[in-house]
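One structure is given here, and the rest of the page talks about it.
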Amino acid sequence: MLGILIHEKERLEIQYLLKREMDEILYDLQDSRIDQVVKRAMKERYQILFSLLTRVAPHNECVNELHYIFQKERRDLEKNLGRVRKKG
């Protein structure tokens, strides 16, 4: 276990970097050219980054991030269901 003392401005910068990296992972997960093995590793990395975010961000920021993820997954599922319905 490690402890760290940082200023508020540094905390906000870490929070920003984590959220930006998480957003990039979510964007890349939508790329059909990326292999499923790589996507699995990306999802694991996302979970680690989210865990770090929960340590530096306020609770409401983490909840907002979860809400964003669920909305995105819901849209993707609806889009995929639409494709299946058109085929069938």
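Within segment 25-34, being open to solvent by 90 Å² or more (accessible area, probe 1.4 Å) and either of a type in the set (D, E, K, R) or assigned to a helix (DSSP H, G or I) (or both) holds for Y27, R33. Of everything in segment 35-54 that is open to solvent by less than 60 Å² (accessible area, probe 1.4 Å) and hydrophobic (A, V, I, L, M, F, W, C), the residue that is farthest from Y68 (Cα to Cα) is A41.
Filtering segment 1-15 to residues that are of a type in the set (K, R) and either surrounded by 12 or more Cβ atoms within 10 Å (Cβ to Cβ) or touching a Lys or Arg at 6+ places or on another chain (Cβ under 6 Å) (or both) leaves only R11. Residues in segment 56-65 that are of a type outside the set (D, E) and surrounded by 12 or more Cβ atoms within 10 Å (Cβ to Cβ): V56, A57, C62, N64. The conditions are (1) assigned to a helix (DSSP H, G or I); (2) open to solvent by 90 Å² or more (accessible area, probe 1.4 Å), and L18 fails exactly one of them. Which is it? Tallying (1) assigned to a helix (DSSP H, G or I); (2) open to solvent by 90 Å² or more (accessible area, probe 1.4 Å), L18 fails exactly one: (2). Could you tell me which residue of segment 11-37 is modelled with the highest pLDDT, considering only residues that are of a type in the set (V, I, T) and in contact with a helix residue (DSSP H, G or I) (Cβ under 9 Å, 6 or more places away or on another chain)? Filtering first and then ranking leaves I14.
Taking the numbered list (1) of a type outside the set (F, W, Y); (2) at pLDDT 85 or above; (3) surrounded by 11 or more Cβ atoms within 10 Å (Cβ to Cβ) in turn, K72 passes all entries but (2).
Among the criteria (1) of a type in the set (V, I, T); (2) modelled with pLDDT under 90; (3) within 15 Å of the chain's Cα centre (by Cα), the one V84 does not fulfil is (3).
The values are calculated or read from the model by the stated rules, or taken from the named source; none is laboratory data. Keep in mind the model is a prediction, meaning the values are calculated, not measured. Every residue, glycine as well, gets a Cβ built from its backbone with ideal geometry; the counts of neighbours run over all protein chains shown. What goes into the accessible areas is simple: the full protein's heavy atoms, side chains included, and nothing from ligands, DNA or RNA. Shrake-Rupley method; radii C 1.70, N 1.55, O 1.52, S 1.80 Å.
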